[in-house]
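The values are calculated or read from the model by the stated rules, or taken from the named source; none is laboratory data. None of the values given here were measured: they were computed from a predicted structure. Glycine gets a Cβ as well: all are built from the backbone with ideal geometry, and neighbour counts include every protein chain shown. Each accessible area value is taken on the protein alone, full model and side chains, heavy atoms only, with ligands, DNA and RNA left out. Shrake-Rupley method; radii C 1.70, N 1.55, O 1.52, S 1.80 Å.
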Amino acid sequence: MTMEATLLAEWFPVRVHAREGGFVVEWCHLGGQRFTEPFFDDTIQRRLRYPFNWLFRHQTSLDELAELEARNPGLPPTGLIFHMSRCGSTLLAQTLAALPRNVMLSEPAPVDTVLRARWGEETPTEEQRIAWLRGMVGVLGHKRHAPERHLFIKFDAWALLQWPLIQRAFPGVPWLFLYRDPVEVMASHLRHSGAHMVPGVLEPALLGWSPEQLPGMPREEYGARVLASLCEAALGAWESRSGPARLVEYRELPAVIPSLYSELFGLELSGEELAVMREAMGRDAKNPVLPFEDDSAMKQRALAGPAREAVERWVRPLYARLEAARRDMRRMG
């Protein structure tokens, strides 16, 4: 094997760091480890505990990574998964990861860094970011095991705010947006906030806001308006779609997953694979030793006061539009 082939077979880009004048990619030795944990970082943190990864480091620039992928292309993306957050996307990802022929990248941090890449006062051009994004996804999706044929990427919830760039990077790749009653999503975040629900984590410009809008904004309003921005971005992507796409509401899970696999992604399931998939569908995605349980009623009861009022004001109308679009989609077949 060449040095490049060895690198791609055993090492994996796990972090991207901004440095003066550019970005540095940090690699981790994975060996034969598959991505079967609920999240990308779960697998990486496990591997970083190995002494080898304490002692040895491999680094490249982002441009070198893109060149490496161009000479040794990885699997092309089979499907892209976008989501509102706290709406069953991890269950879908875990079900796809259960099949050995799938490479499932669940919210890979290096992809998010590339999508939001900037240093100092400089912002890379869109062409640079597209090249880096294609390179990063290609290297992350490199075939490492004989059965692997398909690459799926579940993006972080806020990635859809960069839909035009992702669409340019991966034109025509089938995608879906998974969403849920916003009362239930907000209830989950108030119990344990996702990063994007913490003011200041996302750049205000990404949400279409000015920095002056943030100080003094109540937490409930901020969270509701972030969720509204995600739904609005999904509606924009849906209305401008030019290839295969689906809107999926949480209540359709997990029963809809096999049909997504065949109808949206165009892949046939053997009887054995369907049995494996159904077993994964029956487990709690974030804690697979527990069975999957619908907690919608509990979350509906949990949300009240200003948080519920903010959801009804900012998010409910967009949720209703998504539901109308999904119903139209089902009528049209």
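Here are a few things to note about the model shown:
- Under 5 Å between amide hydrogens, built in the peptide plane, is the criterion, and for HIS58 it picks out TRP27 among residues at least 5 positions away or on other chains.
- Contact order, relative form, for the chain: 20 percent (alpha carbon pairs under 8 Å, 6 or more residues apart, mean separation divided by residue count).
- Placing pseudo-labels 7 Å out from each Cα toward the beta carbon at ASP42 and LEU190 gives an inter-label distance of 2.7 nm.
- With both residues required to sit in the chain, DSSP beta bridges show an antiparallel share near 45%.
- √(5λ) per eigenvalue of the Cα gyration tensor, segment 241-333, largest first, Å: 29, 22, 9
- Karplus (6.51, -1.76, 1.60) ³J(HN,Hα), θ = phi - 60°, over segment 136-145, in Hz, Gly and Pro reported as x: 5, 5, x, 6, 4, x, 5, 5, 10, 9
- When a 1.4 Å probe is rolled over the protein heavy atoms, the share of accessible surface on segment 139-226 that falls to carbon and sulfur comes to 56 percent.
- Volume per residue of the C-alpha convex hull in the chain, rounded to whole Å³: 147 Å³
- Kirkwood-type radius of segment 200-260, with distances r between different C-alpha atoms, in Å: 14.1 Å
- The HN-Hα couplings worked out from phi for segment 280-285 by the Karplus form 6.51 cos²θ - 1.76 cosθ + 1.60 (θ = phi - 60°) are 5, 5, x, 9, 5, 5 Hz, whole numbers, x standing for Gly and Pro.
- Cross-link partners for LYS143 among the lysines, with Cα-Cα distance under 18 Å and sequence neighbours closer than 8 places in the same chain left out: LYS154.
- Spacing of the two label points (7 Å from each Cα toward its C-beta) at ARG330 and GLU263, in nm: 1.0 nm
- Note that the chain presents 46 Å² accessible area per residue, ligands and nucleic acids not counted, probe 1.4 Å.
- The fraction of Cα-Cα pairs per 10 angstrom bin, counted from 0 for segment 114-245, comes to 10, 35, 35, 18, 2, 0 percent, rounded to whole percents.
- Sparse-neighbour loop sites [GluC sites (Glu not before Pro); segment 204-289; at most 15 other C-beta within 10 Å; DSSP]: GLU268
- Comparing mean-square fluctuations of ALA98, ALA131, ALA320 from a GNM of the chain with C-alpha springs under 10 Å, the top value falls on ALA320.
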